[in-house]
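Chemist: Questions regarding the structure given below will be posed in turn.
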Amino acid sequence: MSNTGHVPTGTDVKTSKVDLDTILIRELGQFGLFQLKTLLLAVIMVIFASWGANEYIFTTSRINTRCLIPECDAEEPVFAPSWILDAVPDTTSSCQRFGNRTEIPPRDTCPAELFDRDVLLDCEERVYENTLSVVYDYDLGCEEWLRSLIGSIRTVGTLTALPITGFVSDRWGRRTALTLNAFNTAWLGVLRYFADTYVGFVISEFVEATFGSAGFSCAYILLMEIVGPNFRVAAGATMNTFFSVGQITLGLIAWGVPNWRQLTLVLYVPMLWTLCYFWIMAESVRWYMSKGRYAESETVLKEIAKVNGKKLSEQSLEALRATNEAEKKRAQDESLEKKNEPWLIVLVFRHKQILIRCLVSPIWWITNTFIYYGLSINAVNLSGNRYLNYVAVSAAQIPGYWTAVILLDLIGRKPVLIIAFWVCAACQIGYIFMPEDQYAASLALYLIGTYCIAMVMTSVYVYTAELYPTKYRHSLFAFSSMMGRIGSILAPLTPALGRAVWDQLPFVLFASFAFLSGCLIFITPETHGSKFPDTMEEASNIGKKQRNP
């Protein structure tokens with residue numbers, strides 16, 4: 001009889017190391033009905049998180065604006081009357097008007113001779129094409145930087161969310177952190193409906209991001225800690241996929257409910273039910289074990305076995321407890337050893353290869369977030385239907401995630417990243433030089449660029465983690481990830497930069513960063529097929545054995 005399914009029993013318990021992954025593989029199932037239920041709850045949370053993270057793209061979107069022409073406009077002015085191009089420069093969306101040349105005529109006429117095209121004046125009052133976004137409520141039609149700043153301030157809030165949520169998650173559990181983030185997003189989002197000032201609106205965005213934007217990471221961790229190792233890459237790609245599904249549904253909902261106050265209620269009121277997650281979602285087994293709460297962890301494990309139709313042996317539970325205690329003892333010993341070790345920054349400077357990676361990997365992350373969010377944000381300013389453009393760009397991300405999953409193991413990490421970065425750069429350059437009347441070709445280039453940066457999004461997570469040693473992986477990975485937030489903070493400002501300097505400047509920046517990042521991949525080693533390094537020396541030597549057998 002085969003011993004493939006052998007479970008440590010009797011004397012085996014004393015000698016075998018049995019961790020949770022071992023039990024998932026041998027007894028509980030790496031992806032059964034229990035994990036499927038967790039995944040479904042997680043992706044609902046991810047969709048809501050996507051709505052919260054991106055709603056400002058529509059609630060703060062541009063509105064075509066022109067100067068009020070008091071000598072010609074009626075008490076209830078029409079945005080684009082027949083005479084408007086005589087009074088303002090080349091577009092009906094302008095923050096300047098022509099000066100007067102003659103005396104003011106009667107209101108029922110507005111001759112071209114009235115205006116001096118050699119004199120430009122700033123608007124004193126503005127007329128808006130519609131009242132759909134906060135631009136109308138807070139009179140931001142000619143305040144493009146203030147409008148764009150809302151998105152950047154929200155992104156700064158996501159930085160403060162990470163340490164707060166990390167503290168809650170480690171102290172009171174993953175499920176508690178998830179529920180708090182989800183519910184805070186809901187009620188703070190609903191509260192924003194009542195914001196009557198620009199400052200109040202900005203504060204509400206920042207506070208919501210600070211106390212609610214880490215819902216995605218909480219759901220991600222909960223799922224990863226219960227899914228077997230063979231399914232984690234696919235589960236991670238699924239989470240990213242449903243973040244894009246959230247963006248797609250957001251675009252469609254905003255199309256149907258364009259007014260920002262109504263849209264706010266439609267998006268955030270349904271999120272209030274996430275308070276139920278505290279009772280319908282199981283706490284992380286790994287968190288229970290890290291706190292020594294073995295009774296609760298074993299209750300969850302038995303529930304997993306029951307739902308998955310499996311049988312969990314008492315011997316495995318005993319072995320798991322013994323292994324966890326041994327791991328905690330080892331961690332304590334390592335903590336004592338670390339007190340005598342040099343600071344991490346000193347160790348990095350002692351290892352040239354690690355130092356190089358610490359310098360270049362943040363650039364990949366900044367580029368990734370800058371382009372990823374920049375393309376999504378600028379999609380609503382493309383010609384054509386802003387909602388359909390946004391939906392198309394969001395949909396283009398999904399095949400990018402899964403292409404990376406397939407290619408990373410087929411051709412390696414470096415080729416995937418180099419090709420994705422450089423094709424993305426080429427698409428941005430092509431988009432800049434595409435004639436304005438070639439809408440279909442321009443959109444195709446835009447979507448291919450989005451597809452490529454989504455490939456980078458998946459690949460850079462895997463590649464960065466494999467470059468650093470186990471002992472310091474979390475700290476060095478977190479450094480790159482945190483630096484990457486610079487890109488997501490700058491991305492919302494690109495529309496204002498384009499309007500102030502040159503409308504194609506954001507795409508020049510996207511292309512430049514993508515090309516540079518692709519070049520920097522060449523100076524780091526290929527990690528495909530290499531085991532995770534445990535020490536600085538092992539990490540420094542990745543790839544060297546292949547070149548010098």
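Chemist: Any aspartates and glutamates with Cα under 20 Å of the residue 531 Cα? List them, leaving off those in the same chain fewer than 8 positions away.
Modeler: Straight-line reach from residue 531, under 20 Å: 19, 21, 409, 466.
Chemist: Per DSSP H run of at least 4 residues, take -39500 (n - 2.57); add these up for the chain, divide by its residues and hand me the 222 nm value, nearest 500 deg cm²/dmol.
Modeler: Estimated from H runs of four or more residues: -21000 deg cm²/dmol.
Chemist: Using only the Cα atoms of region 295-451, what do you get for the radius of gyration and for Dmax, in Å?
Modeler: Calculated on Cα positions, Rg and Dmax stand at 24.8, 71 Å.
Chemist: For the pairs 37/291; 311/471; 37/329; 17/306, flag any whose C-alpha to C-alpha distance is greater than 28 Å.
Modeler: Pairs exceeding 28 Å: 311/471; 37/329.
Chemist: Using Cα-only point scatterers and the Debye equation, what is log10 of I(q)/I(0) for region 62-165 at each q in 0.13 Å⁻¹, rounded to two decimals?
Modeler: -0.54
Chemist: Which of rounded, prolate, oblate describes region 108-179, given a ≥ b ≥ c as roots of the alpha-carbon gyration tensor eigenvalues and a/c under 1.5 marking rounded, otherwise prolate only if a/b is larger than b/c?
Modeler: In terms of gyration-tensor shape, prolate.
Chemist: Compute log10 of I(q)/I(0) for region 394-449 with the Debye formula, placing one identical point scatterer on every Cα and leaving out solvent, at q = 0.24, 0.29 Å⁻¹, to two decimals.
Modeler: -0.93, -1.11
Chemist: Right, another one. Every cysteine in the chain with no other Cys Cβ under 4.7 Å from its Cβ, please list them in numeric order.
Modeler: So, 218, 276, 358, 427, 519.
Chemist: Let me ask another. So if I restrict to the alpha-carbon atoms in region 219-262, what is the Rg, and what is Dmax, the biggest pairwise distance, in Å?
Modeler: Values for region 219-262 (Cα only, Rg and Dmax): 15.1, 45 Å.
Chemist: Could you work out the local net charge near residue 443, counting Lys and Arg as +1, Asp and Glu as -1, over the other residues with Cβ closer than 15 Å to its Cβ?
Modeler: Within the 15 Å Cβ shell, the charges total -1.
Chemist: Based on the inverse mean of 1/r over its pairs of different Cα atoms, what is the Kirkwood hydrodynamic radius of the chain, in Å?
Modeler: 26.2
Chemist: Another question, if that's okay. Only helices at least 20 Å long along their axis, Cα-based, and averaging -0.5 or more on Kyte-Doolittle count here, so list those DSSP H runs from the chain.
Modeler: Flagged H segments are 33-54, 144-172, 174-191, 198-212, 232-256, 294-308, 352-378, 386-411, 413-433, 439-467, 473-490, 505-520.
Chemist: On to the next question. Using all Cα-Cα distances in region 353-429, what percent lands in each 10 angstrom bin from 0 up to the longest?
Modeler: 15, 41, 32, 10, 2
Chemist: Okay, next question. Binning at 10 angstrom from zero up to the longest distance, how are the C-alpha pair distances of region 370-489 distributed in percent?
Modeler: The percentages, shortest bin first, are 13, 39, 32, 12, 3, 0.
Chemist: In region 445-549, which trypsin sites (Lys or Arg not before Pro) fall in coil by DSSP and have 12 or fewer other Cβ atoms within 10 Å?
Modeler: 531
Chemist: Using only alpha carbon pairs under 8 Å that are at least six residues apart, calculate the relative contact order of the chain and give it in whole percent.
Modeler: 18
Any read-out appearing in this document is the output of simple, stated calculations on the displayed coordinates, not a laboratory observation. Just so it is clear, the structure is predicted and the values come from calculations on it, not from any experiment. Note: ideal-geometry Cβ built from the backbone for every residue, glycine included; neighbour counts use all protein chains shown.
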